[in-house]
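Below: one structure, written as structure tokens.
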Amino acid sequence: MSSVDWPGKLVATVFCQGCPWACPYCHNHAIIDPRIPGVVAWSSVTALMERRHGLLDGVVFSGGEATRQWALIPAMRQIRQMGFDVGLHTAGPYPARLARLLDEGLVDWVGLDIKALPGASYEAVAGRQGAGEKAWESLDVLMSHPEVAHEVRLTLDPSVLGEALEIARRCKAAGVRSFAVQEVRLQGVRDSYAQAYADAADVVHLAWEDQLAALTRDIDALAFEAYELRRA
């Protein structure tokens, strides 16, 4: 159960296995491999939701990367048939699959992660060639469905701090209404990332608080309908 995975909603969050990317700060890296045995059967999810009518607003499908799962479409249909709203967390690696979900009216809200500017910066974060093009194409897909509520989120670590304002500007120009900056969390990340973050502390994180304050001021000036800075 979660009160933070869909702003303004009380939901059950389903963490789906598998992700094609390898972001160094991922705190769900234990479920990136889709071949490992699952922990919760889908029948257990639907049984839970049957007992939560009137208590929960809906289900958020998260990950990993939920759109990697071919069973996502029938799962969303079933949740909707049960009378619940459907939310989706996605990093946007499969824009065509996202388009199908939205075209079929299966999703009420999308939380889309935009991690960097397109090109080398994105590939460095996601660990895969072409990742940025896929993610920004998914943003275009989402913006082409104004009837679907959304939040575009940027995970802020020192490597993308210098790009953050330009990312926000491009998102605003694309039509994004709700934007959030999430300071990277070290809980659950790979040891290698936590160590690299610590090693860079004296250099990269110099005046980090001042930079965050300036960034928030500059993004506020872009006048999104909703903007939030979330601290770790």
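The values are calculated or read from the model by the stated rules, or taken from the named source; none is laboratory data. Model, not experiment: these values are computed from the prediction. Cβ atoms come from the backbone with ideal geometry, glycine included; neighbour counts cover every protein chain shown. Heavy atoms of the whole protein, side chains included, go into the accessibility calculation; ligands, DNA and RNA do not. Shrake-Rupley method; radii C 1.70, N 1.55, O 1.52, S 1.80 Å.
Listed residues Thr90, Thr13; which is polar (S, T, N, Q), in contact with a Ser or Thr (Cβ under 7 Å, 6 or more places away or on another chain) and buried (at least 19 other Cβ atoms within 10 Å of the Cβ)? First the steps, then the outcome.
Numbers: Thr13 fails: buried (at least 19 other Cβ atoms within 10 Å of the Cβ).
That would be Thr90, the only listed residue that is polar (S, T, N, Q), in contact with a Ser or Thr (Cβ under 7 Å, 6 or more places away or on another chain) and buried (at least 19 other Cβ atoms within 10 Å of the Cβ).
Report, ordered by the first and then the second residue, all pairs with beta carbons closer than 8 Å, sequence separation of six or more or different chains, a first member in the stretch 166-180 that is assigned to a helix (DSSP H, G or I), and a second member that is modelled with pLDDT of 95 or more and open to solvent by 70 Å² or more (accessible area, probe 1.4 Å). Partner pairs satisfying both residue conditions: Ala174/Asp140.
For residues that are hydrophobic (A, V, I, L, M, F, W, C) and over 17 Å from Leu88 (Cβ atoms), scanning just the stretch 148-157, find the one that is surrounded by the fewest Cβ atoms within 10 Å (Cβ to Cβ). Working first, answer last.
Initially, the stretch 148-157 is screened for residues hydrophobic (A, V, I, L, M, F, W, C), giving 148-149, 152, 154, 156.
Among the residues that remain, those that are also over 17 Å from Leu88 (Cβ atoms) are: 154, 156.
Working: Leu154: 20, Leu156: 24.
Here the residue is Leu154.
Listed by first and then second residue, the pairs with beta-carbon distance under 7 Å, at least 6 apart or on different chains, first residue in the stretch 70-95 and at positive phi, second assigned to a helix (DSSP H, G or I) and polar (S, T, N, Q), are Gly92/Ser138. In the set (1) within 20 Å of Pro93 (Cα to Cα); (2) at pLDDT 90 or above, the condition left unmet by Val160 is number (2). Any residue at all in the stretch 118-139 that's within 14 Å of the chain's Cα centre (by Cα), polar (S, T, N, Q) and buried (at least 17 other Cβ atoms within 10 Å of the Cβ)? Checked the stretch 118-139: at least one residue is within 14 Å of the chain's Cα centre (by Cα), polar (S, T, N, Q) and buried (at least 17 other Cβ atoms within 10 Å of the Cβ). From (1) among the hydrophobic types (A, V, I, L, M, F, W, C); (2) open to solvent by 50 Å² or more (accessible area, probe 1.4 Å); (3) assigned to a strand (DSSP E or B), pick out the condition that doesn't hold for Ala30. Here Ala30 meets the rest and fails (3). Inside the stretch 56-81, residues that are part of a helix (DSSP H, G or I) and either polar (S, T, N, Q) or more than 26 Å from Cys26 (Cβ to Cβ) (or both) make up a count of 6. So which residues in the stretch 162-201 are of a type in the set (Asp, Glu) and either under 25 Å from Leu139 (Cβ atoms) or open to solvent by less than 40 Å² (accessible area, probe 1.4 Å) (or both)? Of everything in the stretch 162-201, those that are of a type in the set (Asp, Glu) and either under 25 Å from Leu139 (Cβ atoms) or open to solvent by less than 40 Å² (accessible area, probe 1.4 Å) (or both) turn out to be Glu163, Glu166, Glu183. Residues of the stretch 204-232 that are at pLDDT 80 or above, touching a helix residue (DSSP H, G or I) at 6+ places or on another chain (Cβ under 8 Å) and not in a loop (DSSP other than H, G, I, E, B): Gln211, Leu215, Asp218, Ile219, Tyr227, Leu229. Taking the condition under 13 Å from Gly58 (Cβ atoms), open to solvent by 20 Å² or more (accessible area, probe 1.4 Å) and outside any helix (DSSP H, G or I), does Gly105 pass? No; evaluated as a whole, the condition is false for this residue.
Within the stretch 33-52, the residues that satisfy the criterion of being surrounded by fewer than 14 Cβ atoms within 10 Å (Cβ to Cβ) and either part of a helix (DSSP H, G or I) or modelled with pLDDT of 95 or more (or both) are Trp42, Ser43, Ser44, Ala47, Glu50, Arg51. Screening Arg100 against (1) closer than 22 Å to Leu10 by Cβ; (2) open to solvent by 10 Å² or more (accessible area, probe 1.4 Å); (3) not in a loop (DSSP other than H, G, I, E, B); (4) not acidic (Asp, Glu) leaves a single unmet condition, (1).
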